[in-house]
Structure formats: C-alpha cells, structure tokens
Amino acid sequence: MASTNTHDYLTRLPLEIQWWILRYVDLGGQASLLQTCRRAQDVVEPLLYHKVFTKTGSHGNTAGLVELLHRRPHVASFIHFLVLDEFHPVAYRQLMAIEFPNLESIIMQHDGDILDIDETTRLDLNQLIKEQPNLTNLTFSIERDNWSAVTLHEDDAILFRHKKLRRIRISYIDFSAFGQLDMNYFEHSDLRVLFFELCWYNQDALSRLLSPTAKLQNLLIGHNDQLPFSEHLYPAVLDPARESLRILDLTWRWKFPIEDQGMNFTQFPNLHFLRVPPVYLLGSAYMDYVLLPELIRTRFPPNLKMLLLENIVPRSVRLMNERGIVFPGYPQRYTLELRLLPRDYQLIRYLITQKQNVLPRLKYVLMYYMEFMQDPADLYPLAKRNGVTLGPLLATDYVNPLLDWLDEL
C-alpha cells in the first residue's frame, strides 16, 4: 500500500518536478516505472527516450530501434539525440525514413567492416529517407579495420540533406560521387562547423558540400595521403565561406604537394587560425629566404593570429644517448637528436622579426612534433621581444581554439 501511495503522490506532482526527480533514477528504474500505468508512461517516456543509444550485437541495436519505433511510432517525437555505435546499411536507412520532429543530433560511429547492400535495396531505401526538420549536428564515421574509405553513391547524398545542420563531421568516407549532384542540392546555409577526417572526394564533390556555407566558421580537412586534387585550388573551393571562415585546420601529412604553387588565402579577412604544412601554403619556393617577403604577402591571410606549422620535416643532427626518441632500426642505447630544417627555421624567424610588417596581428606560432626535435632556444627571446608566443607541441597535442578566445587576441 505504501508503494501505491508513493506512486500516486509522485504522479500528482507538477510535471517539471517529476522529471527533476526521475533524472536521479537510472534507466532500469525509469523503464520499470514506465510499465506501471499509463500516467507513469506519459511522464517517463519523454525523459527515457530523450537520448537514445544503440548497442551492436544486442536487441538494442539499430534494427531493434527501428522495430521499436514501428511498434510505438509516438516515441519518435521524444527523441532529441541519437548515438549509434554501428552503421547497418539497411537499418540506418530505415531509421532515417522515420521523421523525428525534435531530433537535434545524430552521432553514428562504426568500427570494422560493414555489411553489403545490393543496389536495388539501397536505391529503394534512399527514396524513403526524410529530411529531419530540426537536425543541427551530424557525425558520420565508419572506420574499417584496414582504414580504407567507405564509398558512398550519388543517391546516398540524401543522408546528409538536412537544412538546419550547423555541424557536420564525416570520417573515412569516399563521397566523390556527390560531385555529380546539382550545385544547389545541399541547403545547409546555417552550417558553422565542418570536419572531413581522412575522407576522399574530388573538387566537385567538396564544392557541393561547401557551396551553401556562407556562414562557415570552422573547417578541418585531414589527410594522411596524397590530396585528391591540387592544393592551389582549395581557396577557390572555400570561396563561399571567404568572409565567415575563422578557423582552418589543414592537417595534411603527405610531404609532397601536387603542383607546388602554394595557396592564396589573402582574400580571407577573418581567418584567424591556420594549421597547415608550410610547403603546401608557400610552395617549395620558401626554401629561398629572399622570396619569403613576397610569398608571405601573397599567401597568408592578412589578419592571422595563430599559426600552427604542420608536418615540419626534421633533419638528423647526430646520434646521442642522453635524450631524444629511439627510432626503429637503431640500437636501444642510441637516440636521434633532430632540429628544424633551415627553411622552416628561417620562416619562423622571419615571421617573428617582421611581424609588424607582414602579419601585425600574429600572436602565436606553434610547431608540431617537437618531441622529435631539438628546441630552437634562440628563437624564444626573439619571439618575446616581438610580441609572439612561440610554442612547441607534441604529436599527441590537440589544439581546438574557441572563437571567443580568438576574438580577444
């Protein structure tokens, strides 16, 4: 009787207080309460299904979620966040054929190989996919065991066609087929953040995703292999976001540009943060110290505040056994001490000493892979005198500048 009285007392409380209490109850307890009566079900369901996680290899996988939503379609309106730990090529498309009126975020991250789907089934399912009216965040990542990209087809573009998207992250995907789409296919005009991690594409495909993004502020494009097309074309592809772009992360670890012409970002007035290998930005001509003034004037964004030098190639100085990193193939008692290549040393020194003339708003020059290098100690007092912070970074360090912080620099 006491339990019944407690139950009645709880359900008579204002709804906001009931939800506040239920937040301290674990999911198992919420699920048990949901089954007691219709009134409890009405109270618990909006909280229980606010954020839904799937678990591959169980009844709670994506296929199980689709089955639940077909049996209880009203639950779709309670879901605001979907966190999926698998990409089932049939079940995921069936899930996206359901309209979620309040869905804000989808995070889909798959590890390992994926199931095959025949072309007829894929085309049929893609025709049923609905635009999610309030979806603002989409992560679509499939990391195979061999790291190879998963190829999407032109009709798969419907998976990313949601007008209100503000953040997209795509990882390990080959979306080259999107280049066949109409230029105005995507309509995410409010997109602010776009990350491409180890993806493959062509110039037209990248242009399709970037064309509606006049408000884009933060863009990451990561590659460990050769670029899909010439580096000097990227500024033109990014032109729709020329006025809005403030953070550009080009984590390109392949050492050889395709055309060696550099990239011209002088027309990006609000670009404050740039991570880039200098050989991609300036071309190999920056090896000649005499050419640096003209290269910096015709390549760098004029209001740059923070520069991260990616993929600076170190040079062996001598073998020693006091400090440093043990390299594969060398006896354990030896390590290598490395230092900056002369071209990179001269570039950093020039940016510091000529800051007021070339990049007057520059505040930080950061260098990656410093665990492999001898610290350029002579540059630190020079940087301090010229109002620049020179920062060493390790390969494991991740710099994620906040827009408000950049504004205050």
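The values are calculated or read from the model by the stated rules, or taken from the named source; none is laboratory data. In this text, all values refer to a predicted model and were calculated from it rather than measured experimentally. For neighbour counting, all protein chains shown are included, and Cβ atoms are generated from backbone atoms with ideal geometry for every residue, glycine included. Please note that ligands, DNA and RNA were not included when accessible areas were found on the heavy atoms of the full protein model with its side chains. Shrake-Rupley method; radii C 1.70, N 1.55, O 1.52, S 1.80 Å.
Annotations for the structure displayed:
- The condition of being open to solvent by 60 Å² or more (accessible area, probe 1.4 Å), in a loop (DSSP other than H, G, I, E, B), modelled with pLDDT under 80 and touching a Pro at 6+ places or on another chain (Cβ under 9 Å) does not hold for GLN332.
- Residue that is farthest from ARG167 (Cα to Cα), among those in the range 227-257 that are touching a strand residue (DSSP E or B) at 6+ places or on another chain (Cβ under 6 Å) and touching a residue at least 60 places away in the same chain (Cβ under 8 Å): LEU250
- The one condition from (1) assigned to a helix (DSSP H, G or I); (2) under 34 Å from the mean Cα position of the chain (by Cα); (3) modelled with pLDDT under 60 that TYR24 does not meet is (1).
- ASN264 meets all of the listed conditions (1) more than 28 Å from ASP156 (Cβ to Cβ); (2) open to solvent by 10 Å² or more (accessible area, probe 1.4 Å); (3) not in a loop (DSSP other than H, G, I, E, B) but one, namely (3).
- Identity of the residue in the range 72-126, basic (Lys, Arg) and part of a helix (DSSP H, G or I), that ends up nearest to SER58 (Cα to Cα): ARG93
- So LEU271, is it outside any loop (DSSP other than H, G, I, E, B) and modelled with pLDDT of 95 or more: no
- Those residues of the range 195-223 which are under 15 Å from the mean Cα position of the chain (by Cα) and within 22 Å of ASP145 (Cα to Cα), in sequence order: PHE195, PHE196, GLU197, LEU198, CYS199, TRP200, ILE221, GLY222, HIS223
- Qualifying residue in the range 110-126 (condition: of a type in the set (D, E, K, R), more than 17 Å from ASP156 (Cα to Cα) and open to solvent by 20 Å² or more (accessible area, probe 1.4 Å)): yes
- Where a residue in the range 70-90 is within 18 Å of LEU138 (Cα to Cα) and acidic (Asp, Glu) and its partner, wherever it lies, is part of a helix (DSSP H, G or I) and open to solvent by less than 40 Å² (accessible area, probe 1.4 Å), with Cβ under 7 Å and at least six apart: GLU86/THR62
- Selection of the range 267-314 for residues being touching a helix residue (DSSP H, G or I) at 6+ places or on another chain (Cβ under 6 Å) and open to solvent by 10 Å² or more (accessible area, probe 1.4 Å) yields HIS272, ALA285, MET287, TYR289, LEU291, LEU295, ARG299, PRO314.
- Here TRP252 does not qualify as farther than 27 Å from LEU359 by Cα, in contact with an Asp or Glu (Cβ under 8 Å, 6 or more places away or on another chain) and of a type in the set (Phe, Trp, Tyr).
- Only residues that are surrounded by fewer than 19 Cβ atoms within 10 Å (Cβ to Cβ) and over 23 Å from the mean Cα position of the chain (by Cα) were counted in the range 99-109, giving 3.
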